[in-house]
Amino acid sequence: MADSGSRDSGDDVPTRQAAPILSTDEMHSVVFIIRCARAIGFLQRFVPGKYLPPPEDRVPPELLHRLIHELKKLLPKWRWTPSAGSLPRSPAKLGDEFFYAITALRMSRLELWRAGYKDCVAAMDDAYSLLFSIGIRAQERRRRSKLLQADGKGQ
């Protein structure tokens, strides 16, 4: 009896979690993020390097695998959940949509953390940080490129 009392108090973290209660939009976002991560992994694995971003702007396959693995835990096994939308055909647009979907899902990170999905939250945070830094570098390159073009026209 004492065990059930301690479980009811919420002090113990369950070893096997039930799927968290996510809104339909959040579930769609989870599926979309998984699909984006798979597409990015596929592109990085099979597309020739000259068509890919520089190595420092690629998402490590280990992080993609970890993100997919952890996000799959958020989906109920018994119910099919459609994606939030179709995958963009442009690699740049795919990366942007991937980042925006992770950003939106991170709004629920506190609830996921409280439900015991700490590894999932950590994987999302790592992916978000990496994608954010890639975006900052891309903006800086665009800014430098525009400055160089403006300097070339002014001479």
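The values are calculated or read from the model by the stated rules, or taken from the named source; none is laboratory data. Remember, predicted model here, so these are calculated numbers, not experimental data. All Cβ positions, even for glycine, are placed from backbone atoms using ideal geometry, and neighbour counts span all protein chains on display. Side chains included, ligands, DNA and RNA excluded: accessible areas come from the protein's heavy atoms. Shrake-Rupley method; radii C 1.70, N 1.55, O 1.52, S 1.80 Å.
Give, rounded to the nearest 20 debye, the magnitude of the charge dipole that the range 44-117 has about its Cα centre when Lys and Arg contribute +1 at Cβ and Asp and Glu contribute -1 at Cβ.
Value, rounded to 20: 300 debye.
What fraction of the Cα pairs in the range 45-155, stated in percent, has a spacing above 25 angstrom?
Of all Cα-Cα distances in the range 45-155, 35 percent exceed 25 Å.
Order the peptides 24-32, 55-63, 92-100 from the highest to the lowest mean number of other Cβ atoms within 10 Å of their residues.
Going by the mean number of other Cβ atoms within 10 Å, highest first, we get 24-32, 92-100, 55-63.
Which percent of the accessible area of the range 38-144 is formed by carbon and sulfur heavy atoms (probe 1.4 angstrom)?
Carbon with sulfur: 60 percent of the solvent-accessible area.
Need the full-extension length gain, residue 122 to residue 153, defined as separation in residues times 0.36 nm minus the C-alpha distance. One decimal, nm.
That pair, residue 122 and residue 153, stretches by 6.5 nm at full extension.
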